[in-house]
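Trainee: Quick one: this structure, given as structure tokens, is what I'll be asking you about.
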Amino acid sequence: MTTINVEHKSITNLENFPIMFFTVIMGFSGLTMSYEKLDNIFHISNVIFEILKYFTTILFFMISGFYLAKFIKYPKAVKEEFSHPIKINFFAAFSISVLLISNLWSKHALIYNTFFYTGMVVQTFLTFYVISFWINNNLSINASNPSWFMPIVGNLVIVSAARESSHYLWYFFSIGMFFWIVLFTIIFYRIIFHDQLAQKFMPTLFITIAPPSIAFGDYEKLSSNFDNFSFVFLSLSIFFTALILFMYKNFIKLEFFLSWWAFTFPVAVACKAFLKAYEITGDTFFIVIGLLAFLALLILICIVTYETLKSLIKGEVSVFG
């Protein structure tokens, strides 16, 4: 069985620059998309969306540049990450980031197509590679954690990032939904019947919010319906969000790790789902929880950004091994 060593690493040089840094892009992209949805409802200011869009895109290229430099200079370090039973899941953060950037530029055909089809190809490869990695390696049950959802959630993001509904998108939706159920069963079993998640893995519990939240929007797009299945996905999104709130004591005293960025994207997609539900139904309940989710997202982004910058300045950014 593969054993999992959890350790602190300070990002003091390029060799230690982790693939997990792309979760920063996921967080800011989620904020940008949530604001866009909010602006569509309340007509606040398109300028703020444009600022967020350009900032997130520039940040994406900066992080991509650093990781490309690491790949060129330290290919062995990248190979080790790609062979690690936990870190391998975070390579999907790159493909998801590319897809999210495409969504931000959906009104610019050339930019959108470049990002979208690149993200779709990379995500498709990662799905096959990661699932075959799970099958071909005898992984310890303790290796399982909610970050396993990421290579699967990426398939659902393809659907949400697509500008138009097409039959081929059902393929990605089907893969995402099937493995979400399979992986949730495994991870829930691990959490209940085996050792509790280590402190540095606790933020990944927020990832449980993402699949039903994205699936809600995907299903509405593909079926052009807001029916009972829509309410199932929406209800699950509300449940997991409420469950995380109910467990707030598990998170308030956590030591800072880069995994804190796992707090942000799931809250963003839940916010977008709630706002979308309000657009469709006009139900006040959905706009209230949507606004609360957006407020929580803003607070989380500010806190995690501050802690990340502080740790970067001190050379103390910790990532789990």
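Trainee: Sorted by packing (mean other beta-carbon atoms within 10 Å per residue), highest first, where do 206-219, 81-94 land?
Mentor: With the highest mean Cβ count within 10 Å placed first, the list reads 206-219, 81-94.
Trainee: While we're looking at this one, here's another question. Please find the FRET efficiency linking F246 to F42, where r is the Cβ-Cβ separation and R0 is fixed at 35 Å, and quote it to the nearest 0.05.
Mentor: Between F246 and F42 the formula returns 0.75.
Trainee: Could you work out which residue, out of A293, A109, A242, moves most in a Gaussian network model of the chain, that is, has the largest mean-square fluctuation with Cα springs under 10 Å?
Mentor: Highest fluctuation of the listed residues: A109.
Trainee: While we're looking at this one, here's another question. State the answer as a single residue: which of Q123, L300, I63 lies farthest towards the positive end of the charge dipole of the chain, with beta carbon charges of +1 for Lys and Arg and -1 for Asp and Glu, about the Cα centre.
Mentor: I63
Trainee: Expressed in nm to one decimal, what extension gain is obtained for the pair F55 and D195 from 0.36 nm per residue of sequence separation less their Cα-Cα distance?
Mentor: Contour length minus Cα-Cα distance gives 46.4 nm.
Trainee: A follow-up question, please. What order do you get for I19, I96 when you list them from fewest to most C-beta neighbours inside 10 Å?
Mentor: I19, I96
Trainee: Arrange the peptides 112-120, 146-154, 125-133 so that the one whose residues have, on average, the most other Cβ atoms within 10 Å appears first.
Mentor: Final packing ranking: 146-154, 112-120, 125-133.
Trainee: Further question on the same structure: Please report, in debye to the nearest 20, how large the charge dipole of the chain is about its Cα centre when each Lys and Arg carries +1 at its beta carbon and each Asp and Glu carries -1 there.
Mentor: Computed about the Cα centre, the dipole is about 540 debye.
Trainee: Using alpha carbons only, how many degrees (0 to 90, rounded to 10) separate the axis of helix 284-314 from the longest principal axis of the chain?
Mentor: Between helix and principal axis, roughly 30 degrees.
Trainee: On a 0 to 90° scale, report how tilted helix 92-104 is relative to the longest principal axis of the chain, with both axes built from alpha carbons and the result rounded to the nearest 10.
Mentor: It is inclined by approximately 30 degrees.
Trainee: A further question follows. Which one of S160, S64, S95 has the biggest mean-square fluctuation once the chain is modelled by GNM with Cα springs under 10 Å?
Mentor: Answer for the Gaussian network model of the chain: S64.
Trainee: Given the options E220, E15, E255, state which has the largest fluctuation in a GNM of the chain using a 10 Å cut-off (strictly under) for Cα springs.
Mentor: E255
Trainee: I'd like the distance separating the alpha-carbon centroids of the stretch 61-114 and the stretch 150-223, in whole Å.
Mentor: Cα centroid to Cα centroid, the span is 19 Å.
Trainee: Compute the acute angle (0 to 90°) between the alpha-carbon long axis of helix 169-193 and the principal axis of greatest extent of the alpha-carbon atoms of the chain; round to the nearest 10°.
Mentor: Roughly 60 degrees between the two axes.
Trainee: Would you mind checking the pairs K37/K221; K53/K79; K37/K249 and listing those with alpha carbons more than 20 angstrom apart?
Mentor: K53/K79; K37/K249
Trainee: Can you list the aspartates and glutamates whose alpha carbon is less than 13 Å from that of K73, not counting same-chain residues fewer than 8 positions off?
Mentor: E15
Trainee: What ranking of I101, I244 emerges when the number of other C-beta atoms within 10 Å of each C-beta is taken as an exposure proxy, fewest first? Before the final figure, lay out each step's value.
Mentor: Values: I101 26, I244 19.
Listing I101, I244 from fewest to most nearby Cβ atoms yields I244, I101.
Trainee: So, one more: For N136 and K73 in one chain, what is 0.36 nm times their gap in residues minus the Cα-Cα distance, to one decimal in nm?
Mentor: Details: separation 63, 0.36 × 63 = 22.68 nm, distance 2.89 nm.
Stretched out fully, the N136 to K73 stretch lengthens by 19.8 nm.
Trainee: With unit charges on the beta carbons (Lys and Arg positive, Asp and Glu negative) and the dipole taken about the Cα centre of the chain, which residue among I238, N136, Y74 sits farthest to the positive side?
Mentor: Farthest towards the positive end: Y74.
Trainee: Arranged from highest to lowest average of other beta-carbon atoms within 10 Å per residue, in what order do the peptides 305-312, 177-184 appear?
Mentor: 177-184, 305-312
Trainee: Next up: What's the local net charge at G217, with K and R +1, D and E -1, over the other residues with C-beta under 12 Å away? Present the calculation step by step, with values, prior to reporting the outcome.
Mentor: On the way: positive: K37, K221, K272, K276; negative: D218, E220, E279.
Spelling it out: positives minus negatives among the neighbours equals +1.
Only the coordinates and a few stated rules stand behind these numbers; no lab work does. The structure displayed is predicted, hence computed values, not measured ones. A quick note on method: Cβ atoms are made from the backbone with ideal geometry, for glycine too, and the neighbour counts reach across all protein chains shown.
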